[in-house]
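Structure record follows, encoded as structure tokens.
The values are calculated or read from the model by the stated rules, or taken from the named source; none is laboratory data. Quick caveat, the model's predicted, so the values are computed rather than measured. All Cβ positions, even for glycine, are placed from backbone atoms using ideal geometry, and neighbour counts span all protein chains on display.
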């Protein structure tokens, strides 16, 4: 292998990495404004009559999932809107933990966004009308990061809380199961 | 033997029949108390008007108005307790923290569960104690989302043919004790503001006294009195705000200068902060029939981040004495002005008379959350002594001249930084779970914690119906490594007589009996009987879930003494199990998760009544 070829391969690799990184940091600030509508989050895993499988996720999901600025802003909102007061830094409290592998109402980003927007019957408040659609998606993106769903180059390498919580780059990725104890 | 019996008789006589069943029957106790009993002239006794003779029932969580949690029944003794055996069980169909005691009224047992607050009546006259009825109040499910520390209920109360209890979503309900039919229900709390009700009501003088929870949600704390017959509001006193709201008038005579002045409930806060400043009433009430005063402790100020509320934050973290007819405050003592550690002052208040000069002085005994055991004059609130009953470094002590808590500046949290090694931690040296007080020994049996914490204070935003805390907390074991302790405290000589170190925080209340025993449970499910005089463990039983419930003792329809407790781990300390938390986050459950990371390996959630008696 010639050194020139090796160099170009390296350059190509770097370019690909840079592009991926660009995508990671994409803020969509110049894209078409998103409609201020409630995320059409799907229900938790359930029976889908005469269909057999859940409908595809909301197309907006991929704009936010794994998106570093969205998660960073989501973390800010998570603290400012007092999500942290109930769910702590993912360990749970008044509300269920968000860093584990159980999702009462589904662990997909659109399902989480729907939970935030609509509330849930056992105590989750409804934030519809208090947060914009965009903010809700960002919060959902951050919530997913608590269980290690995004790639490690998209999350913060330093914990934002004062107590010694593990940096998100070290958060293990949990599978997303539907909770078997939705009544709790 | 004759001398022993005479001595025993003497003790019983001097005890002025204070709650001793033997007096009731006019014959000496058969309890073979072997060690030489203390002369009761030297030790504290329950206030006699507030602790009537034991009729074998258990009609209120505190057993009596003096809050002794003492049963005079004495068939079960240190000599025979090893034979104590299970008699029957009952599943409550709940898996959340079970803090309430069973009640027993003339052959029927009543159980009030955590959310959804089922009320069961069990027929003790039939084999196996089958259910007579169940009352389901159907509280709003959303109330679970504003209950800070598990969806507990601390008990029901029986009076004059009715059972009274509160629901998580802020209702007080009266149910006919025979039929299980609702008599009245009154909505007092509003979950949209973050208010819940978890406390056990107290019934006295034809009124039902109820207070709110939500000190972590930016609510404004209050106590209300409802008419016992109709449920109509008789009076309501807030614990913050202007004097007219607090029911402070001409009768108010606080002992210390720091509690005197006009509208301190407004002036000791930044503008309007008193409206969302906490000061709830989620703990225990006592009542003195002689003075017609109800005593209760007030919860923490909010938010926990104290930099957002400079000032003394009255009337939070202190004790009120109020007239039951009008609600007018008689006196107040602020245990910790400007609380900075969530050291609510809601713990039990035991009414006692202690030796003083040549006579006795009416006092209240308070093993307080901040870590000091208070002896205070019942008529004025004057602090007679305040002694730490465990390890405390968050305060330097209590100035008996001014009544002031002396802070330790090294341990004062500041916004934007973490303050480490604060002892006791936020749940205090002792949290809500009450002590028992035995007139036989004059000792207070204190189930408590030994926890310290790191406290990171940060800006809290007030959004109604959401937490208003502003703190990242991480708790861990205090000096010695044991996270809990069970301490027998002599309130007169101000010292521990004995102490049992427990690995886990002790979150169950205590029960003392006329047989000379003390019962308590552990969070890994052991239910223990120890010798009231020595603390020696004499019997234990492993329950299916951790125990945080109040044990009781009653006389069954067959005349035998029974011991009953419900096992169901949870509460703030056990929320890691009942709330299925992830303990990798040290700040979970407001920082308690870190202290009990091992609990999910040691117990599971449940809700089961266990009833014990001696074999025939």
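Just checking, which of B:155, B:161, B:180 is under 30 Å from residue B:561 (Cβ atoms), more than 24 Å from the chain's Cα centre (by Cα) and touching a residue at least 24 places away in the same chain (Cβ under 8 Å)?
Of B:155, B:161, B:180, the one residue that is under 30 Å from residue B:561 (Cβ atoms), more than 24 Å from the chain's Cα centre (by Cα) and touching a residue at least 24 places away in the same chain (Cβ under 8 Å) is B:180.
If you go through region A:62-79, how many residues are free of Cβ contacts under 8 Å to residues at least 60 places away in the same chain and away from every other protein chain (no Cβ under 14 Å)?
Number satisfying all stated conditions: 2.
Return the residues of region B:145-169 that are in contact with a strand residue (DSSP E or B) (Cβ under 8 Å, 6 or more places away or on another chain), part of a loop (DSSP other than H, G, I, E, B), closer than 26 Å to residue A:123 by Cβ and away from every other protein chain (no Cβ under 14 Å); say none if nothing qualifies.
Scanning region B:145-169 gives B:153, B:155, B:156, B:167.
All but one of (1) within 15 Å of residue B:367 (Cα to Cα); (2) touching a strand residue (DSSP E or B) at 6+ places or on another chain (Cβ under 7 Å) hold for residue B:495, so report the exception by its number.
(2)
For region A:166-184, name all the residues that are at pLDDT 75 or above, within 11 Å of chain B (Cβ to nearest Cβ) and either within 28 Å of residue A:123 (Cα to Cα) or assigned to a loop (DSSP other than H, G, I, E, B) (or both).
A:166, A:171, A:172, A:174
Taking residue B:63 as the residue in question, decide whether it is closer than 27 Å to residue B:524 by Cα and either in a loop (DSSP other than H, G, I, E, B) or touching a residue at least 60 places away in the same chain (Cβ under 8 Å) (or both).
Considered against the rule, which asks whether it is closer than 27 Å to residue B:524 by Cα and either in a loop (DSSP other than H, G, I, E, B) or touching a residue at least 60 places away in the same chain (Cβ under 8 Å) (or both), residue B:63 comes out as yes.
Which one is farthest from the other protein chains (Cβ to nearest Cβ) among residues in region A:80-118 that are surrounded by fewer than 21 Cβ atoms within 10 Å (Cβ to Cβ) and assigned to a helix (DSSP H, G or I)?
Going through the qualifying residues, I end up with A:118.
Condition first: in contact (Cβ under 8 Å) with a residue 40 or more places away in the chain, away from chain A (no Cβ under 14 Å) and not in a strand (DSSP E or B). Can you find one or more residues in region B:452-461 that meet it?
Scanning region B:452-461 turns up no residue that is in contact (Cβ under 8 Å) with a residue 40 or more places away in the chain, away from chain A (no Cβ under 14 Å) and not in a strand (DSSP E or B).
Residue by residue, here is whether (1) farther than 24 Å from residue B:297 by Cβ; (2) more than 10 Å from chain A (Cβ to nearest Cβ); (3) in contact with a helix residue (DSSP H, G or I) (Cβ under 7 Å, 6 or more places away or on another chain); (4) assigned to a strand (DSSP E or B) holds:
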| site | (1), (2), (3), (4) |
| --- | --- |
| B:428 | no, yes, no, no |
| B:437 | no, yes, no, yes |
| B:445 | no, yes, no, yes |
| B:475 | no, yes, yes, yes |
| B:481 | yes, yes, no, no |
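Determine whether residue B:511 is in contact (Cβ under 8 Å) with a residue 60 or more places away in the chain, crowded, with 24+ Cβ neighbours inside 10 Å, over 30 Å from residue B:190 (Cβ atoms) and touching a helix residue (DSSP H, G or I) at 6+ places or on another chain (Cβ under 8 Å).
No; evaluated as a whole, the condition is false for this residue.
Which of the residues spanning region B:396-407 are under 13 Å from residue B:340 (Cα atoms) and surrounded by fewer than 14 Cβ atoms within 10 Å (Cβ to Cβ)?
B:406
Right, residue A:131: more than 7 Å from chain B (Cβ to nearest Cβ) and either free of Cβ contacts under 8 Å to residues at least 40 places away in the same chain or surrounded by fewer than 18 Cβ atoms within 10 Å (Cβ to Cβ) (or both) or not?
For residue A:131, the condition - more than 7 Å from chain B (Cβ to nearest Cβ) and either free of Cβ contacts under 8 Å to residues at least 40 places away in the same chain or surrounded by fewer than 18 Cβ atoms within 10 Å (Cβ to Cβ) (or both) - is met.
Just to check your reading of the model, which residue among B:93, B:142, B:200 is within 26 Å of residue B:71 (Cα to Cα) and either outside any helix (DSSP H, G or I) or touching a residue at least 12 places away in the same chain (Cβ under 8 Å) (or both)? Even if it seems obvious, please write down each step before you answer.
Values: B:93 fails: within 26 Å of residue B:71 (Cα to Cα); B:142 fails: within 26 Å of residue B:71 (Cα to Cα).
Going through B:93, B:142, B:200 in turn, just one is within 26 Å of residue B:71 (Cα to Cα) and either outside any helix (DSSP H, G or I) or touching a residue at least 12 places away in the same chain (Cβ under 8 Å) (or both): B:200.
Looking only at region B:308-315, decide whether some residue is within 22 Å of the chain's Cα centre (by Cα), surrounded by fewer than 24 Cβ atoms within 10 Å (Cβ to Cβ) and at negative phi.
Looking through region B:308-315, none of the residues is within 22 Å of the chain's Cα centre (by Cα), surrounded by fewer than 24 Cβ atoms within 10 Å (Cβ to Cβ) and at negative phi.
So which residues in region B:341-384 are surrounded by fewer than 24 Cβ atoms within 10 Å (Cβ to Cβ) and in contact with a helix residue (DSSP H, G or I) (Cβ under 7 Å, 6 or more places away or on another chain)?
The answer is B:355, and nothing else.
Among the numbered criteria (1) surrounded by fewer than 24 Cβ atoms within 10 Å (Cβ to Cβ); (2) more than 21 Å from the chain's Cα centre (by Cα), which one does residue B:468 miss?
Just one mismatch for residue B:468, condition (1).
Which condition from (1) surrounded by fewer than 24 Cβ atoms within 10 Å (Cβ to Cβ); (2) under 21 Å from residue B:453 (Cβ atoms); (3) within 14 Å of chain A (Cβ to nearest Cβ) is the one that residue B:604 breaks?
(2)
What residue, among those in region A:137-164 that are within 12 Å of another protein chain (Cβ to nearest Cβ) and surrounded by fewer than 22 Cβ atoms within 10 Å (Cβ to Cβ), is modelled with the lowest pLDDT?
Filtering region A:137-164 down to residues within 12 Å of another protein chain (Cβ to nearest Cβ) leaves A:146-148, A:159-164.
Within this subset, residues satisfying the condition of being surrounded by fewer than 22 Cβ atoms within 10 Å (Cβ to Cβ) are A:148, A:159-164.
Details: A:148: 93, A:159: 72, A:160: 70, A:161: 69, A:162: 68, A:163: 60, A:164: 64.
That would be A:163.
Among the residues of region B:68-85, is any in contact with a helix residue (DSSP H, G or I) (Cβ under 7 Å, 6 or more places away or on another chain) and closer than 29 Å to residue B:189 by Cα?
Within region B:68-85, not a single residue is in contact with a helix residue (DSSP H, G or I) (Cβ under 7 Å, 6 or more places away or on another chain) and closer than 29 Å to residue B:189 by Cα.
It is to be established whether one or more residues within region B:190-199 are modelled with pLDDT under 95, under 17 Å from the mean Cα position of the chain (by Cα) and either within 14 Å of another protein chain (Cβ to nearest Cβ) or crowded, with 21+ Cβ neighbours inside 10 Å (or both).
Keep residues of region B:190-199 that are modelled with pLDDT under 95, which gives none.
Checked against the condition, which is being modelled with pLDDT under 95, under 17 Å from the mean Cα position of the chain (by Cα) and either within 14 Å of another protein chain (Cβ to nearest Cβ) or crowded, with 21+ Cβ neighbours inside 10 Å (or both), region B:190-199 yields no hits at all.
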